[in-house]
Amino acid sequence: MGHRHLTEEDLIPEIRLDTMLALEEIDRSLYSQMELLEPFGAENPVPIFLSQGVKMQEVKFIGKDKNHVRFRAQQGQVRIEGVGFGLAEVFESVDMATTLFDIAYELNLNTWNGRDKLEIKLLDICLRKSSALSKKTT
């Protein structure tokens, strides 16, 4: 057996996308269907969705080092709140008012002050004109 050399591409983390989803399809019914698949773990990963042509609005930098973001994602007339951990640098260099994105995310139920609200946990993002997310997708 010969030695295999790793390339830079081999070191790019991969995201496994389960399905394309329009933001208007996100509702309690979808979340309830996801809950039927639990428990999630190594053998049964959390579903990851892709939405295309999304605007990012009301972006706020959060965390001690301001390297995380909270935002509202909008597609058509539909808006949903979300959070992205470690993704602040992506948001700093782009004009949010005019840019459309493709986003990969998990769907979460955020419970705060006794109220439940669906939100997205952003895993990766790229400019809409680009053909691939920054992490390899499978």
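The values are calculated or read from the model by the stated rules, or taken from the named source; none is laboratory data. As the structure is a computational prediction, the values presented were derived from the model and not from experiment. Heads up, the Cβs are rebuilt from the backbone with ideal geometry, glycines too, and the neighbour counts pull from every protein chain shown.
Overview of values
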read-out: Qualifying residue in the range 94-105 (condition: without any contact (Cβ under 8 Å) to a residue 40 or more places away in the chain, of a type outside the set (S, T, N, Q), part of a strand (DSSP E or B) and surrounded by fewer than 18 Cβ atoms within 10 Å (Cβ to Cβ)); value: no
read-out: Failed item in (1) small (Gly, Ala, Ser); (2) at pLDDT below 90; (3) surrounded by 15 or more Cβ atoms within 10 Å (Cβ to Cβ), with GLY41 passing the rest; value: (3)
read-out: Matching residues in the range 35-90 - criterion: being part of a helix (DSSP H, G or I) and touching a His at 6+ places or on another chain (Cβ under 9 Å); value: ALA88
read-out: Filter pass, LYS117 being over 16 Å from the mean Cα position of the chain (by Cα), of a type in the set (Lys, Arg) and not in a helix (DSSP H, G or I); value: yes
read-out: Where GLU119 falls short, out of the listed (1) farther than 23 Å from GLU24 by Cβ; (2) among the acidic types (Asp, Glu); (3) in contact with a Gly (Cβ under 8 Å, 6 or more places away or on another chain); value: (1)
read-out: Hits in the range 19-49 (condition: over 10 Å from LEU107 (Cβ atoms) and β-branched (Val, Ile, Thr)); value: THR19
read-out: Within the range 4-34, considering residues that are outside any helix (DSSP H, G or I) and among the polar types (S, T, N, Q), the one modelled with the lowest pLDDT; value: THR7
